[in-house]
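Okay, structure first, notes after.
The values are calculated or read from the model by the stated rules, or taken from the named source; none is laboratory data. Predicted, not measured: the structure shown is a model, and the values here were computed from it. Positions of Cβ are backbone-derived with ideal geometry, glycine not excepted, and every protein chain shown enters the neighbour counts.
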Amino acid sequence: MTSARADRLPNGFRHWPGELTVDEQAALAREVMAGWGSAPLYTPRLPRSGKPMRVRMTNFGLLGWVTDKTGGYRYQACHPQTGAPWPAIPFLLLQLWDRLTGYPARPEACLVNWYGENARLGLHVDADEEALDAPVMSVSLGDPALFRVGGPARRDPTTSLWLESGDVVVLSGRARHCHHGVDRIRFGETNLIGGGGRINLTLRRVTELARRDCLTHAGGAGP
Ligand code: MD6
Ligand code: FE
């Protein structure tokens, strides 16, 4: 399957194939991997069961999404292992956010998901943010991923599409509250990330948009 039937995708789901040039993908991948120096990838654990996730994670931005056995899903300002603040969100991603989402405030969180050979990500809804009206934007780098999108209920029918390196997805409106996940990647198809693998960068506004932020960021200039 190479593309999903647009009529089966939820309203508010948008996909920009190949939005980043090959040079932009390489520069962004370098910047992300450089960030792993101060914010190392770690294995997140599910609430209660403590089961390890198959995707390794870290974050950029003021707030990072984390999960562990006792604390559950949450946002926090510091890396759970080093205690250091997260590195800044790459500027290319902020520019892309402004251009593609049109949302009048910058994202606060950039979750970095790293997929190795057998990694996948179960069906979920992004729902740990206060700003549930804000769109969520993701950028894919490296190996292709089979992305599945359903509806607001877990049992709703789903449709699948491949996300390739340089693709951008935005979930807004109804799609913002729909289930989605990654069934598998085609490991080793690219060498953007070294010996294979995939990076997905998910940008989110976490806190409610204050009127002050509207006035400050409406022009969209500068980092
Ligand atoms: C991934 N993406 O592509 C996982 N969430 O690896 C997500 O969970 C996601 O791509 C919200 C919006 C866009 C996404
Ligand atoms: Fe998600």
(Q) Please go through segment 102-124 and give me each residue that is surrounded by fewer than 16 Cβ atoms within 10 Å (Cβ to Cβ) and either assigned to a loop (DSSP other than H, G, I, E, B) or away from ligand 2 (no atom under 11 Å from the Cβ) (or both), ordered by number. (A) Gly102, Glu117, Asn118
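With respect to Trp162, determine if the residue is of a type outside the set (Lys, Arg), surrounded by fewer than 22 Cβ atoms within 10 Å (Cβ to Cβ) and under 15 Å from Phe13 (Cβ atoms).
Yes.
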Q.
When the residues of segment 154-168 are narrowed to those that are out of contact with any helix residue (DSSP H, G or I) (no Cβ under 9 Å at 6 or more places or on another chain) and in contact (Cβ under 8 Å) with a residue 12 or more places away in the chain, which ends up nearest to Ala27 (Cα to Cα)?
A. Asp167
Q. What single numbered condition from (1) outside any loop (DSSP other than H, G, I, E, B); (2) within 16 Å of ligand 2 (Cβ to nearest atom) fails to hold for Asp128?
A. (1)
Q.
Given the condition within 15 Å of the chain's Cα centre (by Cα) and at pLDDT 95 or above, answer yes or no: does some residue in segment 154-162 qualify?
A. no
Q: Answer yes if at least one residue in segment 7-18 is in a helix (DSSP H, G or I), small (Gly, Ala, Ser), surrounded by 14 or more Cβ atoms within 10 Å (Cβ to Cβ) and at pLDDT 95 or above, and no otherwise.
A: no
Q | Pick from segment 192-208, criterion modelled with pLDDT under 95 and out of contact with any helix residue (DSSP H, G or I) (no Cβ under 9 Å at 6 or more places or on another chain), ranking: nearest to ligand 2 (Cβ to nearest atom) | A | Glu208
(Q) Of all residues being among the β-branched types (Val, Ile, Thr) and in contact with a Ser or Thr (Cβ under 7 Å, 6 or more places away or on another chain) in segment 189-212, which is farthest from ligand 1 (Cβ to nearest atom)? Just the residue, please. (A) Thr190
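Where residues in segment 180-211 are within 30 Å of Leu62 (Cβ to Cβ) and small (Gly, Ala, Ser), which of them is surrounded by the most Cβ atoms within 10 Å (Cβ to Cβ)?
Checked segment 180-211; the qualifying residue surrounded by the most Cβ atoms within 10 Å (Cβ to Cβ) is Gly197.
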Q) Quick check: anything in segment 165-182 of a type in the set (Ser, Thr, Tyr) and away from ligand 2 (no atom under 16 Å from the Cβ)? A) yes
**Q.** Subset of segment 81-99 [surrounded by fewer than 19 Cβ atoms within 10 Å (Cβ to Cβ) and in contact with a strand residue (DSSP E or B) (Cβ under 8 Å, 6 or more places away or on another chain)]
**A.** Gln81, Ala84, Pro85, Ala88
Q.
For the structure I just gave you, tell me whether Ala26 is surrounded by 12 or more Cβ atoms within 10 Å (Cβ to Cβ) and within 25 Å of Pro85 (Cβ to Cβ).
A. no
(Q) Any residue that is closer than 23 Å to Arg48 by Cβ and within 14 Å of ligand 1 (Cβ to nearest atom) - is there at least one of those in segment 137-147? (A) no
Q: Considering only segment 136-153, state which residues are within 15 Å of ligand 2 (Cβ to nearest atom), touching a Ser or Thr at 6+ places or on another chain (Cβ under 9 Å) and not in a loop (DSSP other than H, G, I, E, B).
A: Val136, Met137, Ser138, Val139, Ser140, Leu146, Phe147, Arg148, Val149
